[in-house]
């Protein structure tokens, strides 16, 4: 298993206007979310065998308007679909390959609500680490 991650900053600071990018976050059973904002933190975890590869990804964004977007996705690719993707002549098969997974996302009014959306786990731990939320609190 490996963990890849990226992200910067904390939920309380506002980035300069030039750092805003356009994002499109997909959701199952609902329309995708489109917004201008910044990626605050992102963590990816992959696990698998020769027959399948599972990728979990979690992310936290801050919109230009001050809302927070949380996203969580899981994709499982089987050996059959991986072979179809590798075969340049089977692009139709690659699109039709049935892999399992999900894409969830939500909009939050506060940073705290956004962080509460994530369930405990390794991805959440990595998101919290990137955002500096697990730093010790000094008490005198």
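Within segment 113-127, restricting attention to residues that are free of Cβ contacts under 8 Å to residues at least 40 places away in the same chain and in a helix (DSSP H, G or I), the residue that is nearest to the chain's Cα centre (by Cα) is 125. Scan 85, 133, 53 and give me the residue that is part of a loop (DSSP other than H, G, I, E, B), modelled with pLDDT under 95 and surrounded by 14 or more Cβ atoms within 10 Å (Cβ to Cβ). Answer to the selection: 133. Checking each residue in segment 25-44 for being closer than 20 Å to residue 129 by Cα and at pLDDT below 95 picks out no residue at all. Restrict the check to segment 14-24 and report whether at least one residue is in a strand (DSSP E or B), surrounded by fewer than 18 Cβ atoms within 10 Å (Cβ to Cβ), modelled with pLDDT under 95 and touching a strand residue (DSSP E or B) at 6+ places or on another chain (Cβ under 9 Å). No: segment 14-24 contains no residue that is in a strand (DSSP E or B), surrounded by fewer than 18 Cβ atoms within 10 Å (Cβ to Cβ), modelled with pLDDT under 95 and touching a strand residue (DSSP E or B) at 6+ places or on another chain (Cβ under 9 Å).
The values are calculated or read from the model by the stated rules, or taken from the named source; none is laboratory data. Since we're looking at a predicted model, the values are computed, not measured. When we count neighbours, we look across all protein chains shown, and the Cβ atoms used for this are built from the backbone with ideal geometry, even at glycine.
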